[in-house]
1. Do we have residue 223 as modelled with pLDDT under 95, exposed (fewer than 14 other Cβ atoms within 10 Å of the Cβ), more than 16 Å from residue 48 (Cβ to Cβ) and not β-branched (Val, Ile, Thr) here?
2. Output the residues belonging to segment 76-107 that are under 26 Å from residue 50 (Cβ atoms) and of a type in the set (A, V, I, L, M).
3. Kindly provide the set of residues from segment 235-264 that are out of contact with any Phe, Trp or Tyr (no Cβ under 9 Å at 6 or more places or on another chain) and either hydrophobic (A, V, I, L, M, F, W, C) or more than 29 Å from residue 50 (Cα to Cα) (or both), ordered by number.
4. For segment 56-87, enumerate the residues that are out of contact with any His (no Cβ under 9 Å at 6 or more places or on another chain) and either modelled with pLDDT of 95 or more or not assigned by TED's automatic domain parsing to the domain that holds residue 18 (or both).
5. Confirm whether residue 249 is charged (D, E, K, R) and either in the same structural domain as residue 133 (by TED's automatic domain parsing) or within 30 Å of residue 158 (Cβ to Cβ) (or both).
6. Inspect all residues belonging to segment 205-225 and state whether any of them is among the small types (Gly, Ala, Ser), touching a residue at least 60 places away in the same chain (Cβ under 8 Å), outside the structural domain of residue 152 (by TED's automatic domain parsing) and touching a Pro at 6+ places or on another chain (Cβ under 7 Å).
7. Can you tell me which condition residue 77 does not meet? The list is (1) of a type in the set (Asp, Glu); (2) out of contact with any helix residue (DSSP H, G or I) (no Cβ under 7 Å at 6 or more places or on another chain); (3) surrounded by 14 or more Cβ atoms within 10 Å (Cβ to Cβ), and all the others hold.
8. Select from segment 5-55 the residues that are among the hydroxyl-bearing types (Ser, Thr, Tyr) and either over 17 Å from residue 110 (Cβ atoms) or not assigned by TED's automatic domain parsing to the domain that holds residue 117 (or both) and list them in ascending order.
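The values are calculated or read from the model by the stated rules, or taken from the named source; none is laboratory data. Keep in mind it's a predicted model, so treat the numbers as computed, not measured. Note that each Cβ is placed from the backbone with ideal geometry, even for glycine, and that neighbours are counted across all protein chains shown.
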Amino acid sequence: MSQNDVLLSVTPGGTAIITLNRPDKHNAFNADVIATLSDMFETLRANTDEVRMVVLRGAGPSFSAGADLEWMKAAADWTHDDNEEDALGLARMLRRLHDLPQLTVALVQGAAMGGGAGLVAACDVAIAVKDTKFRFSEVRLGLTPATISPFVVRAIGPRWAKALFATAEGFDGEFAHKIGLAQYVVDSADDLDDALEMVAKLVFAAAPGAVAASKALVDEVTGQEIDDRLGKHTAKLIADRRVSKEGREGLAAFLEKRKPGWVK
């Protein structure tokens, strides 16, 4: 893999920007790109003091066309075990992205196909250009979107996932917003950075530990029965935050009518 196929930069303010940099291939990914992304996400996980937001974007006209054709061609001759190990790399990478403690934001333009749409679903927030082309195209190749499915189903729900997985129907950014795959829609790629700045202002006004805890909270309570056990658990969680360093600082700043320490 070219050393420039995936780029990572960190702004002085604490935003990590990961750029898929294969514009000639519409940022399609292969095993090397997946491994590089996975390593980057693991590095960022350990740098919460320096990095408070992670942005994923694609160079050129597209976000990501999904799997690289040469990679897919090679996989056709692999054994079942080889294919399973290869797919596990993608599953692990998406899990590392999903589990990052920082808020993650996908900036999506052009096309987000197959695994590219899976990357979008694994992020916390997606900002999409309204004419972006999305598709879960796997069934057209006799395959299923298995490794990306946990993240897509969480993002859009099982009914839309079943319909879009089974038909491979294409849809645009506005429809992605309608079903929950994208939270924000902009008119053109030129508007993506302005929308990102809006999200960044919100993120950097929030306590980083509270952001991470809020992300974990959603995963913890999703699908749980609302009963006394869950009530006791959530009461413990808020008590933990109230007595935490961030919780005490946030309350003190509010009462003293000043900005908390995490706001630069």
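1. yes
2. Restricting attention to segment 76-107, the residues satisfying the condition of being under 26 Å from residue 50 (Cβ atoms) are 92-107.
Residues satisfying the conditions are 93, 94, 97, 100, 103, 105, 106, 107.
3. First pass over segment 235-264, keeping only residues out of contact with any Phe, Trp or Tyr (no Cβ under 9 Å at 6 or more places or on another chain): 235-245, 247-248, 251-259, 261.
If the condition is that a residue be out of contact with any Phe, Trp or Tyr (no Cβ under 9 Å at 6 or more places or on another chain) and either hydrophobic (A, V, I, L, M, F, W, C) or more than 29 Å from residue 50 (Cα to Cα) (or both), then 235, 237, 238, 239, 243, 251, 252, 253, 254, 255 are the ones that fit.
4. Residues satisfying the conditions are 56, 57, 59.
5. no
6. The answer is yes, given that some residue of segment 205-225 is among the small types (Gly, Ala, Ser), touching a residue at least 60 places away in the same chain (Cβ under 8 Å), outside the structural domain of residue 152 (by TED's automatic domain parsing) and touching a Pro at 6+ places or on another chain (Cβ under 7 Å).
7. Single failed check for residue 77: (3).
8. Residues satisfying the conditions are 9, 11, 15, 36, 38, 43, 48.
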